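Let me begin by presenting the structure, written as structure tokens, before commenting on it.
The values are calculated or read from the model by the stated rules, or taken from the named source; none is laboratory data. Just so you know, these numbers come straight off a predicted model, no measurement behind them. Note that each Cβ is placed from the backbone with ideal geometry, even for glycine, and that neighbours are counted across all protein chains shown. Quick note on the areas: whole protein, heavy atoms, side chains included, nothing else; ligands and nucleic acids left out. Shrake-Rupley method; radii C 1.70, N 1.55, O 1.52, S 1.80 Å.
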Amino acid sequence: MQLEQNILDRANEWLTPTFDQETQEAIREMMANAPKDLEESFYKNLEFGTGGMRGIMGAGTNRINKYTLGKNTQGISDYLKKYFPGEALKVVIAYDCRHNSDTLAKTVADVFSANGIQVYLFSDMRPTPELSFALKYLKCHAGIVLTASHNPPEYNGYKVYWQDGGQLVPPQDSEIIQVIEALPYENIKFDANENLIEYIDTEVDAAFAKSTIENASFNTPVAAKKNLKIVYTSLHGTSIKSIPGVLAKAGYTDVSIVAEQEVPNGDFPTVISPNPEEPEALSMAMALADKVGGDIVVGTDPDSDRLGVAVRDTNGKMTLLNGNQTMVVMTAFLLEQWKREGKIGGKQFIGTTIVSTPMMLELAADYDVECKVGLTGFKWIAKFIKDFPELEFIGGGEESFGFMVGDAVRDKDAVAATLLVCEIAAQAKAAGSSLYQELLNLYVDFGFYKEHLISLTKKGISGLEEINQMMVSLRENPVNEINGERVVCIEDYKNATAKNMFTGEVDPINIPKSDVLIYYLEDGSKICARPSGTEPKIKFYFSVNAPLDAIENAAEVEKELDEKIKNIIAAMQLN
């Protein structure tokens, strides 16, 4: 195949003495035998998305390697010195179970230390939420975690956190990216100052566990905790370092761990994808729950920020909940606890995202708290906490199986969320109810909201072009009707506009721009389209709702809502 000159120029730059022999040999091999791989490796620079930077490991500008991460780290070092002049700079670094995470983390530590910055480096893999906690606990200026979350085994990634414990947001994100992009590779300082690298472990672990229990425990009787049968799987990931210990310290003694998935392994050998959003990932845990009579199943992704939950339905069958369902159950529980304790006084808020269930707005209105809605990604919920210090953050989440309890951790946190969901299940069981029954009670009170997600994978250069064209087509050919329902409003977050389709009136949207389109239908349905910020996918989110007058009618109403979603998908020709 004929490669474009700019790709060859980029590849040839990596054949200079700035890059080691192993890297140069990998590039020569691609040049000789795999031109398509060379094109994919060099056609662009790896970019920061909704969850930091993620990519396939290998040589090239569009790959995760010591040079792309070294360049990031050198750029952040330069920026920290300008942003905090005269301060003794400190950073903390964590990493997950993925291949090369430990060596890449050490490379990042080396670069920071070579720039005279004090580094706290975890001595072994740790959950991402512990990194967010450790940043504030150790009073650091920034933090890095090496992880690709739930992406396939060939991926790794680099997430950047700021002083408040949240991920990078405006204006720091674009300013740092500009510094990184302008930096030549030969300016990276790889020669470590080992005196500035301090390894951390048990002290931070103990503080993190203590904080988690304080934030996610709510006076559950000891007997109720002991009576809850929990089945847990780490899906070969890092949560095994924290969740069993936290549950034990909190008083949960009946915890069955899926042994086949207990040992951290970057190949994730027992699952197709280590993503608790995928039902297959929790199949072994569900089978174990049926074997031991479990009340609840919890599974976490490799870096332990997402959790999947399954509970027994009204017929006693183990049923997977989606991220919106776990989010509303946990949020409603927190709101009720705050109300009982007299802590709601008009200065509190919950947080969610534009692609998540509108039911969060109903909960907020009922408890007289504000619901702040941001772009996809927990960095925006964390930004709300920073931007509105006069308000107390109760909790919040998004549809992608993430939740945040309070503000001790400023990112989605499967450790605290696991404890919280067990508290809810234990209290419900002790009261003769169940977590599933509590969800149905919410549907009776606020309406039955049903959500569904379709992800279309489009890999490589052609896939990116196809995704971009799909978004262009949706913008240039706006629909007026979907499944027989008129479109009331179209929100275009790339253009920061909301258009009333009846009057033609256009209002501004006052949140940062993003490549997202949302359609609101006359019957209250909501459809969202957005390219993924971390995977080669375009995602379509569907939300429909209907009144539910009694729990015994839930199955019938759910069937009607499922049929409506199916018809919308067919009308949009997405099936």
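Residue count for the range 229-252, restricted to those that are assigned to a helix (DSSP H, G or I) and polar (S, T, N, Q): 2.
Residue by residue, here is whether (1) within 26 Å of A285 (Cα to Cα); (2) over 23 Å from the mean Cα position of the chain (by Cα) holds:
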position: T314; (1), (2): yes, yes
position: M330; (1), (2): yes, no
position: D368; (1), (2): no, yes
position: K386; (1), (2): no, no
position: L391; (1), (2): no, yes
position: G402; (1), (2): yes, no
position: D407; (1), (2): no, no
position: D413; (1), (2): yes, no
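Across the range 307-339, the number of residues qualifying as closer than 20 Å to D411 by Cβ and either open to solvent by 20 Å² or more (accessible area, probe 1.4 Å) or hydroxyl-bearing (S, T, Y) (or both) comes to 2.
Looking at N72, N45, just one residue is out of contact with any Pro (no Cβ under 9 Å at 6 or more places or on another chain), under 30 Å from I117 (Cβ atoms) and not in a helix (DSSP H, G or I), and that residue is N45.
Residue-by-condition table, conditions (1) in contact (Cβ under 8 Å) with a residue 60 or more places away in the chain; (2) within 22 Å of V160 (Cβ to Cβ); (3) among the small types (G, A, S):
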site	(1), (2), (3)
M327	yes, no, no
L335	no, no, no
K343	no, no, no
C371	no, no, no
F378	yes, yes, no
E423	yes, no, no
K429	yes, no, no
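Conditions (1) closer than 23 Å to E154 by Cα; (2) touching a residue at least 40 places away in the same chain (Cβ under 8 Å); (3) touching a Gly at 6+ places or on another chain (Cβ under 7 Å), marked per residue:
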residue: F268; (1), (2), (3): yes, yes, no
residue: E278; (1), (2), (3): yes, no, no
residue: A281; (1), (2), (3): yes, yes, yes
residue: A285; (1), (2), (3): no, yes, yes
residue: A289; (1), (2), (3): no, yes, no
residue: D295; (1), (2), (3): no, yes, no
residue: D303; (1), (2), (3): yes, yes, yes
residue: T314; (1), (2), (3): no, yes, no
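Residue count for the range 14-23, restricted to those that are surrounded by fewer than 16 Cβ atoms within 10 Å (Cβ to Cβ) and either of a type in the set (F, W, Y) or assigned to a helix (DSSP H, G or I) (or both): 2.
Is it fair to say V258 is over 20 Å from the mean Cα position of the chain (by Cα) and at negative phi?
On the way: over 20 Å from the mean Cα position of the chain (by Cα): yes; at negative phi: yes.
So V258 fits the description; yes.
Being in contact (Cβ under 8 Å) with a residue 60 or more places away in the chain, open to solvent by less than 50 Å² (accessible area, probe 1.4 Å) and touching a Leu at 6+ places or on another chain (Cβ under 9 Å): is that true of I565 here?
Judged against the criteria, I565 is not a match.
For the range 164-219, taking the residues that are of a type in the set (F, W, Y) and in a loop (DSSP other than H, G, I, E, B), the one that is surrounded by the most Cβ atoms within 10 Å (Cβ to Cβ) is identified as F218. Scanning the range 490-512 turns up at least one residue that is basic (K, R) and part of a loop (DSSP other than H, G, I, E, B).
Put simply, of F388, F349 the only residue that is at pLDDT 95 or above and open to solvent by less than 30 Å² (accessible area, probe 1.4 Å) is F349. Filtering the range 68-90 to residues that are in contact (Cβ under 8 Å) with a residue 24 or more places away in the chain and under 30 Å from V263 (Cα atoms) leaves L69, G70. Screening the range 521-546 for residues that are more than 23 Å from L442 (Cα to Cα) and among the hydroxyl-bearing types (S, T, Y) and picking the one that is nearest to the chain's Cα centre (by Cα) gives T534. Being in a helix (DSSP H, G or I), in contact (Cβ under 8 Å) with a residue 24 or more places away in the chain and surrounded by 21 or more Cβ atoms within 10 Å (Cβ to Cβ) holds for only one residue in I93, I27, I7, and it is I27.
The set of residues in the range 498-519 being over 30 Å from S462 (Cβ atoms) and either polar (S, T, N, Q) or crowded, with 20+ Cβ neighbours inside 10 Å (or both) consists of N500, T503, N510. So if I check each of N45, N33, which one is touching a residue at least 12 places away in the same chain (Cβ under 8 Å) and of a type in the set (S, T, N, Q)? From the options N45, N33, the qualifying one is N45. Assess whether L548 counts as being over 29 Å from K459 (Cα atoms) and in contact with a strand residue (DSSP E or B) (Cβ under 7 Å, 6 or more places away or on another chain). Judged against the criteria, L548 is a match.
Checking the stated criteria, K379 turns out not to satisfy the condition of being in contact with a helix residue (DSSP H, G or I) (Cβ under 7 Å, 6 or more places away or on another chain) and buried (at least 19 other Cβ atoms within 10 Å of the Cβ).
Does the range 116-147 hold any residues that are of a type in the set (S, T, N, Q) and buried (at least 20 other Cβ atoms within 10 Å of the Cβ), and which are they? Across the range 116-147, the qualifying residues are T128, S132, T147. For the range 308-325, check the following and say yes or no: at least one residue is more than 25 Å from E262 (Cα to Cα) and hydrophobic (A, V, I, L, M, F, W, C). No, the range 308-325 has no match at all.
Before we move on, is E451 charged (D, E, K, R) and exposed (fewer than 15 other Cβ atoms within 10 Å of the Cβ)? No, not satisfied. Among the residues of the range 30-56, those identified as among the aliphatic types (A, V, I, L, M) and either in contact with an Asp or Glu (Cβ under 8 Å, 6 or more places away or on another chain) or open to solvent by 30 Å² or more (accessible area, probe 1.4 Å) (or both) are M30, M31, A32, M53, I56.
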